[in-house]
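Colleague: The structure under discussion is supplied below as structure tokens; questions concerning it will follow.
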Amino acid sequence: GRRTGLGTHGLADALARMNLAYDSDEAIRVITGIYETLRNTAYGESLNLATERGSFPVFNWAKEQNNAFIQRLPQDLKENIARHGRRNISILTNAPTGSVSIMSQTSSGLEPVFRNSYIRRRKLSHDETNITPDFVDELGDGWKEFQVFHHNAQEWLAANPGQELPSFFVESDQIDWMKRVEIQEAIQNSIDHAISSTINLPAGTEPAVVERLYREGWKRGLKGITVYVDGSRSGVLVTNNEATTTEEFPQRSAPKRPEELECDIHHTSIQGQPWTVLVGKLDGKPYEILGGESSLIEIPKKHKTGSLKKNSFKSKDNRYDLTFGDDGVIKDVVKVFDNPNNSAFTRMISLGLRHGSEVRFMVEQLQKDKESSMFSFSKCVSRILKNYIVDGTEVSDKTCPECGSTTGMIYQDGCKTCKDCGFAACG
């Protein structure tokens with residue numbers, strides 16, 4: 001078949017030179033054009049070689065003409081390939097190009113820039129006994145560490161002294177993870193072999209996020225995808241902090257909100273005051289919360305689930321529309337609830353949920369301030385969020401008020417329960 005593996009590297013640097021953030025919509029349009037050009041040119045040259053020297057021995061247009069990849073080629077190219085064949089059965093790939101990119105001082109493969117400044121590790125061979133390693137991994141192998149500045153960023157800083165790097169010099173952990181899959185799809189559509197690609201996720205990323213990325217890759221027709229969670233193994237590239245610091249205060253980026261989220265609709269009452277609370281869920285976990293007095297919103301109690309659609313605007317606040325049942329629609333539910341104090345309160349709760357705060361900690365904090373002017377609403381939110389604490393989760397205050405046990409206090413059906421004596425409190 002005479003397979004070849006033409007590929008690229010330096011994509012992220014090319015986009016930065018065009019003042020485009022790697023994961024922007026405009027960048028994806030440019031990426032699509034780049035790789036369509038690469039595909040058409042490479043297949044055109046293979047056609048030219050076939051015209052001069054003959055096609056690969058098992059070429060059979062009848063077998064491949066309906067192939068989805070072949071169908072994406074320009075019509076005139078397909079017609080000429082049908083007449084003359086191709087020299088190569090397949091032509092394109094995208095290798096990681098790690099070492100090549102170091103030598104050419106560009107970003108590797110189709111990857112975003114890992115860090116604009118980072119530590120690179122080189123594994124010491126068994127013959128290098130006279131060199132003291134800077135790092136020893138869990139297998140006992142020694143590594144030397146080198147401070148590296150990404151060349152493209154360094155050039156920009158040299159040309160613009162005293163200025164900070166613009167926002168389009170994005171690093172791998174700043175990129176929208178789902179957009180990263182979309183970028184690979186745009187490239188895979190023009191690559192006949194598979195692609196080397198790694199999505200870098202921050203330490204502590206939930207397995208459900210990884211699962212969602214793999215499923216999305218499968219849905220979009222990617223031939224392969226790799227996910228790396230920071231700290232899951234000793235890496236060759238590490239952040240400056242990772243190389244020197246053993247303890248840090250981790251900060252997480254929230255997963256991007258889909259345009260539409262499924263939600264649970266809760267009706268409850270505190271001291272005779274009825275409340276309605278909407279809990280938007282991502283991967284089955286609470287992601288955001290909206291709510292207020294039931295008298296302000298008309299949702300029949302028989303409806304327990306719905307969908308929250310986010311409408312984004314550049315010049316005004318985002319709007320959330322609720323749909324439920326066969327035809328129930330309430331537009332701009334935040335405005336319908338009509339209480340800026342409550343909306344500010346739920347916005348902060350949502351912020352914590354989106355960034356991975358454990359529900360039990362939020363519940364326990366909400367239950368503490370009994371003198372607050374918003375006590376009824378905070379108790380209402382606390383009561384509802386308790387439903388999302390996984391059974392068996394330890395209570396922060398582990399001492400049982402009944403028997404004094406310090407090992408038995410867990411959450412069960414949202415209630416603090418002692419496994420040792422059976423005490424339960426559902427306040």
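Colleague: When the residues of the stretch 56-102 are filtered to those that are in contact with a His (Cβ under 7 Å, 6 or more places away or on another chain) and of a type in the set (Ser, Thr, Tyr), which remaining residue is surrounded by the most Cβ atoms within 10 Å (Cβ to Cβ)? First the steps, then the outcome.
Modeller: Residues of the stretch 56-102 that are in contact with a His (Cβ under 7 Å, 6 or more places away or on another chain), as a first pass: 90, 92-93, 97, 100-101.
Keeping just the survivors that are of a type in the set (Ser, Thr, Tyr) gives 90, 93, 97, 101.
On the way: Ser90: 18, Thr93: 19, Thr97: 21, Ser101: 18.
Ranking the candidates gives Thr97 first.
Colleague: Follow-up. Are there any strands (runs of 3 or more DSSP E) wholly within the stretch 285-327 with 1 or more residues that are within 22 Å of Ala254 (Cβ to Cβ), open to solvent by 20 Å² or more (accessible area, probe 1.4 Å) and in contact (Cβ under 8 Å) with a residue 40 or more places away in the chain, and if so which?
Modeller: Per the criteria, 285-293, 305-311.
Colleague: Taking the condition in a loop (DSSP other than H, G, I, E, B), among the aliphatic types (A, V, I, L, M) and modelled with pLDDT under 95, does Val100 pass?
Modeller: no
Colleague: May I ask you to say which residue of Ser357, Ser350, Ser378, Ser382 is under 26 Å from Ser253 (Cα atoms) and more than 30 Å from the chain's Cα centre (by Cα)? Even if it seems obvious, please write down each step before you answer.
Modeller: Working: Ser357 fails: more than 30 Å from the chain's Cα centre (by Cα); Ser350 fails: more than 30 Å from the chain's Cα centre (by Cα); Ser382 fails: more than 30 Å from the chain's Cα centre (by Cα).
That would be Ser378, the only listed residue that is under 26 Å from Ser253 (Cα atoms) and more than 30 Å from the chain's Cα centre (by Cα).
Colleague: Moving to a separate point now. For the stretch 44-55: of the residues being farther than 28 Å from Gly109 by Cα and among the charged types (D, E, K, R), which is most open to solvent (accessible area, probe 1.4 Å)? Steps first, answer last, please.
Modeller: From the stretch 44-55, those farther than 28 Å from Gly109 by Cα are 50-55; that's our starting set.
Now restrict to residues that are among the charged types (D, E, K, R): 52-53.
Values: Glu52: 137, Arg53: 162 Å².
By that ranking, first place goes to Arg53.
Colleague: Taking the stretch 197-220, which residues are farther than 19 Å from Gly356 by Cβ and either modelled with pLDDT under 90 or outside any loop (DSSP other than H, G, I, E, B) (or both)?
Modeller: Ser197, Thr198, Tyr214, Arg215, Glu216, Gly217, Trp218, Lys219
Colleague: Only one of (1) aliphatic (A, V, I, L, M); (2) surrounded by 19 or more Cβ atoms within 10 Å (Cβ to Cβ); (3) more than 31 Å from the chain's Cα centre (by Cα) fails for Ala424. Which number is that?
Modeller: Status for Ala424: all satisfied but (2).
Colleague: Any residue at all in the stretch 15-33 that's touching a strand residue (DSSP E or B) at 6+ places or on another chain (Cβ under 7 Å) and touching a residue at least 40 places away in the same chain (Cβ under 8 Å)? Before the answer, list the steps.
Modeller: Narrowing the stretch 15-33 to residues touching a strand residue (DSSP E or B) at 6+ places or on another chain (Cβ under 7 Å): none.
No, the conditions are met nowhere in the stretch 15-33.
Colleague: Asp173 is checked against (1) in contact with a Phe, Trp or Tyr (Cβ under 6 Å, 6 or more places away or on another chain); (2) surrounded by fewer than 20 Cβ atoms within 10 Å (Cβ to Cβ); (3) part of a helix (DSSP H, G or I) and fails just one. What number does that condition carry?
Modeller: (1)
Colleague: A follow-up question, please. Of the residues Lys179, Lys223, which is closer than 18 Å to Thr32 by Cβ and not in a helix (DSSP H, G or I)?
Modeller: Only one candidate qualifies: Lys223.
Colleague: Got a sec? Which helices (runs of 4 or more DSSP H) wholly within the stretch 1-86 have at least 3 residues that are closer than 27 Å to Ser196 by Cβ?
Modeller: By residue number, 11-17, 25-53, 68-71.
Colleague: Could you list, in sequence order, all residues of the stretch 58-104 that are over 30 Å from Phe149 (Cα atoms), in contact (Cβ under 8 Å) with a residue 40 or more places away in the chain and not aromatic (Phe, Trp, Tyr)?
Modeller: Answer for the stretch 58-104, where residues must be over 30 Å from Phe149 (Cα atoms), in contact (Cβ under 8 Å) with a residue 40 or more places away in the chain and not aromatic (Phe, Trp, Tyr): Val58, Arg72, Arg86, Arg87, Asn88, Ile89, Ser90, Ile91, Leu92.
Colleague: Here's a check for you: in the stretch 383-424, which residue that is in contact with a Ser or Thr (Cβ under 8 Å, 6 or more places away or on another chain) and among the aliphatic types (A, V, I, L, M) is nearest to Gln367 (Cα to Cα)?
Modeller: Going through the qualifying residues, I end up with Ile384.
Colleague: OK, next. Take the residues in the stretch 184-210 that are in contact (Cβ under 8 Å) with a residue 40 or more places away in the chain and among the acidic types (Asp, Glu), then tell me which one is least open to solvent (accessible area, probe 1.4 Å).
Modeller: Asp192
Colleague: While we're looking at this one, here's another question. Residues of the stretch 266-296 being touching a Gly at 6+ places or on another chain (Cβ under 9 Å) and of a type outside the set (D, E, K, R), which ones?
Modeller: Filtering the stretch 266-296 down to residues touching a Gly at 6+ places or on another chain (Cβ under 9 Å) leaves 266, 275-279, 286-290.
Of everything in the stretch 266-296, those that are touching a Gly at 6+ places or on another chain (Cβ under 9 Å) and of a type outside the set (D, E, K, R) turn out to be His266, Trp275, Thr276, Val277, Leu278, Val279, Pro286, Tyr287, Ile289, Leu290.
Colleague: Within the stretch 125-168, can you find the residues that are surrounded by 10 or more Cβ atoms within 10 Å (Cβ to Cβ) and of a type in the set (Val, Ile, Thr)?
Modeller: Ile131, Val136, Val148
Condition check ((1) outside any helix (DSSP H, G or I); (2) open to solvent by 20 Å² or more (accessible area, probe 1.4 Å); (3) within 30 Å of Ala203 (Cα to Cα); (4) not hydroxyl-bearing (Ser, Thr, Tyr)) across all residues:
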residue: Leu353; (1), (2), (3), (4): no, no, yes, yes
residue: Phe361; (1), (2), (3), (4): no, yes, yes, yes
residue: Ser376; (1), (2), (3), (4): no, yes, no, no
residue: Cys380; (1), (2), (3), (4): no, no, no, yes
residue: Ile384; (1), (2), (3), (4): no, no, yes, yes
residue: Thr406; (1), (2), (3), (4): yes, yes, no, no
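Colleague: So, in the stretch 103-124, of the ones that are touching a Gly at 6+ places or on another chain (Cβ under 8 Å) and closer than 30 Å to Gly1 by Cβ, which residue ends up least open to solvent (accessible area, probe 1.4 Å)? First the steps, then the outcome.
Modeller: Residues of the stretch 103-124 touching a Gly at 6+ places or on another chain (Cβ under 8 Å): 104, 106-109, 121, 123-124.
In the following step, the residues that additionally are closer than 30 Å to Gly1 by Cβ were identified as 104, 108-109.
Values: Ser104: 53, Ser108: 36, Gly109: 1 Å².
Here the residue is Gly109.
The values are calculated or read from the model by the stated rules, or taken from the named source; none is laboratory data. Please read these numbers as outputs of a predicted model, since none were measured by experiment. For neighbour counting, all protein chains shown are included, and Cβ atoms are generated from backbone atoms with ideal geometry for every residue, glycine included. The area values use the complete protein model at the heavy-atom level, side chains included, leaving out ligands, DNA and RNA. Shrake-Rupley method; radii C 1.70, N 1.55, O 1.52, S 1.80 Å.
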